[in-house]
Amino acid sequence: CGGGGSSDNGGGSGGAVKEGGIFTLGSTNYIDTLNVFNYIEAGATVSFLEIYPELVQYGPGLKQIVPSFAESWTVSPDGKTYTFKLHSGAKWSDGQPLTSEDVAWTANTIIKYPGPTAVLAASVAHVTKVDAPDPTTAVFHYDKPVGNALAQLTFLYVLPKHVWEKYTGNNGKDLKTFLPEDHLPVVSGGPFEVTKYDKKGQTV
């Protein structure tokens, strides 16, 4: 994605940004489902990163963690409390507010139902609870300092509570039964929406 000269090192400084158009990604892998609690294929992971917000993400070169939905964060002196300040005024694609309540609900649901949500358990390893004291603050409480806490949180896909909360029945097992791909366009808060789904064909 760099410029045209041979001296360009991939910095991308060689051209103007083009608004609109189509970004096409081809893969021999496929998206087995858009359910974050019931997937196997790497193609699904790629889609989650594009559909749902993450508090933090890896920066260029995968060398450091940078802000994403969280604008900033602080860590308590004992390393057991992470406080994230979130972007204000965010909305889900259906117009509903996207707030710390969605962050807290997602994390606390994974903690509450460790069996059905096991595929995402590592993202909140050692988290005891998450509080949402106001719409732009999410507070993660850990039972001990975790050196890679931020790296783990790069895989916490923040879900729209108003869409997913009805599927916590049967001791959380119903979370695995919801198929977002059957309810298009998927309610998203990331840079892309899924408007067409084909398990082993073309997903748009």
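The values are calculated or read from the model by the stated rules, or taken from the named source; none is laboratory data. Since we're looking at a predicted model, the values are computed, not measured. Heads up, the Cβs are rebuilt from the backbone with ideal geometry, glycines too, and the neighbour counts pull from every protein chain shown. For the accessible areas, the whole protein counts, side chains as well, though only heavy atoms, and no ligand, DNA or RNA atoms are used. Shrake-Rupley method; radii C 1.70, N 1.55, O 1.52, S 1.80 Å.
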Notebook entry, point to check: Counting only residues that are more than 15 Å from the chain's Cα centre (by Cα) and of a type in the set (V, I, T), which one in the range 164-193 is least open to solvent (accessible area, probe 1.4 Å)?
Noted result: T168
Next item on the list: Can you give me the number of residues within the range 88-102 that are outside any loop (DSSP other than H, G, I, E, B) and either of a type outside the set (D, E) or over 20 Å from the mean Cα position of the chain (by Cα) (or both)?
Entry: 3
Note to self: Every residue in the range 118-151 that is open to solvent by less than 50 Å² (accessible area, probe 1.4 Å), under 27 Å from N170 (Cβ atoms) and part of a helix (DSSP H, G or I), please.
What the structure shows: L120, A121, S123, V124
Note to self: Taking the conditions exactly as written (under 20 Å from L49 (Cα atoms), more than 17 Å from the chain's Cα centre (by Cα) and either among the small types (G, A, S) or open to solvent by less than 80 Å² (accessible area, probe 1.4 Å) (or both)), does G115 satisfy them or not?
What the structure shows: no
Margin query: Under 7 Å between Cβ atoms, which residue pairs at least 6 apart in sequence (or on different chains) link something in the range 81-108 that is farther than 18 Å from V56 by Cβ and among the charged types (D, E, K, R) with a partner that is assigned to a helix (DSSP H, G or I) and open to solvent by 30 Å² or more (accessible area, probe 1.4 Å)?
Written below: E101/K161
Next item on the list: Scan the range 40-64 for residues that are surrounded by fewer than 19 Cβ atoms within 10 Å (Cβ to Cβ) and in a loop (DSSP other than H, G, I, E, B) and jot them down.
Entry: I40, E41, G59, K63, Q64
Note to self: Can you pull out every residue in the range 129-163 that is aromatic (F, W, Y) and either within 19 Å of the chain's Cα centre (by Cα) or closer than 13 Å to T117 by Cα (or both)?
What the structure shows: F140, F155, Y157
Notebook entry, point to check: Is it the case that some residue within the range 194-203 is in contact with a helix residue (DSSP H, G or I) (Cβ under 8 Å, 6 or more places away or on another chain), under 24 Å from V75 (Cβ atoms) and open to solvent by 10 Å² or more (accessible area, probe 1.4 Å)?
Noted result: no
Checklist line | Top-ranked residue of the range 88-105 - restricted to ones that are of a type in the set (S, T, N, Q) and open to solvent by 10 Å² or more (accessible area, probe 1.4 Å), ranked as nearest to E54 (Cα to Cα) | finding: T99
Notebook entry, point to check: Hey, among K18, K85, which residue is surrounded by 15 or more Cβ atoms within 10 Å (Cβ to Cβ) and either in a loop (DSSP other than H, G, I, E, B) or at pLDDT 95 or above (or both)?
Noted result: K85
Check: Would you say L159 is in a loop (DSSP other than H, G, I, E, B), open to solvent by 50 Å² or more (accessible area, probe 1.4 Å), modelled with pLDDT of 95 or more and in contact with a Phe, Trp or Tyr (Cβ under 9 Å, 6 or more places away or on another chain)?
Finding: no
